[in-house]
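Comments concern the structure below.
We did not get these values from a lab; they are worked out from the coordinates using the rules stated. Not measured: the values here are computed from a predicted model. All Cβ positions, even for glycine, are placed from backbone atoms using ideal geometry, and neighbour counts span all protein chains on display.
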């Protein structure tokens with residue numbers, strides 16, 4: 001039977017059947033620099049190369065896979081440094097914040113959590129699910145956090161709400 005059913009008490013009017021289950025919403029790949037959402041990772045990478053990772057010299061039209069590659073090119077070829085990422089949000093325009101982001105790779109867990117919270121706020125009543133590949137790509141960042149600060153431990157936390165694996169949390173270790 002369809003989601004609509006004829007209710008005899010409503011004198012022949014069609015009424016919606018209420019569905020109390022919360023619908024799930026899959027977090028799509030997004031550009032860390034401009035916060036634009038994409039259908040897949042490949043389209044995101046094309047966007048980043050064309051918009052954010054383009055050589056800033058007027059005579060050069062090269063594009064690069066990451067900010068670190070762009071910085072190296074600018075320094076070696078044009079003997080200058082880049083001061084900002086083109087067309088990026090003001091808070092993320094600094095090329096030294098995270099120069100290794102390419103697509104969704106190296107986007108931190110904190111940024112994934114922030115994005116999931118914004119999507120959840122835009123779609124109330126729906127569970128936002130972060131796909132496992134996004135979490136696995138972000139694990140590279142948490143490994144760097146663990147190496148940089150041995151007093152913390154970043155780890156994946158099992159959570160049934162997010163399809164078996166939740167976002168990574170950072171736990172402060174006791175100094176005993």
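Shown for 59, 102: other C-beta atoms within 10 Å of each C-beta, ranked fewest to most, produce the order 59, 102. By the count of neighbouring beta-carbon atoms within 10 Å, fewest first, 57, 108 end up ordered 57, 108. Remark: region 35-76 is approximated by an ellipsoid whose semi-axes, taken from the C-alpha gyration tensor as √(5λ), come to 22, 10, 7 Å, largest first.
What is the gain in length, in nm to one decimal, between residue 24 and residue 37 on full extension, counting 0.36 nm per residue of separation less the C-alpha to C-alpha distance? Net length gain for the segment: 2.9 nm.
Here the gap between residue 62 and residue 118, fully extended at 0.36 nm per residue and compared with their Cα-Cα distance, gives a gain of 16.8 nm.
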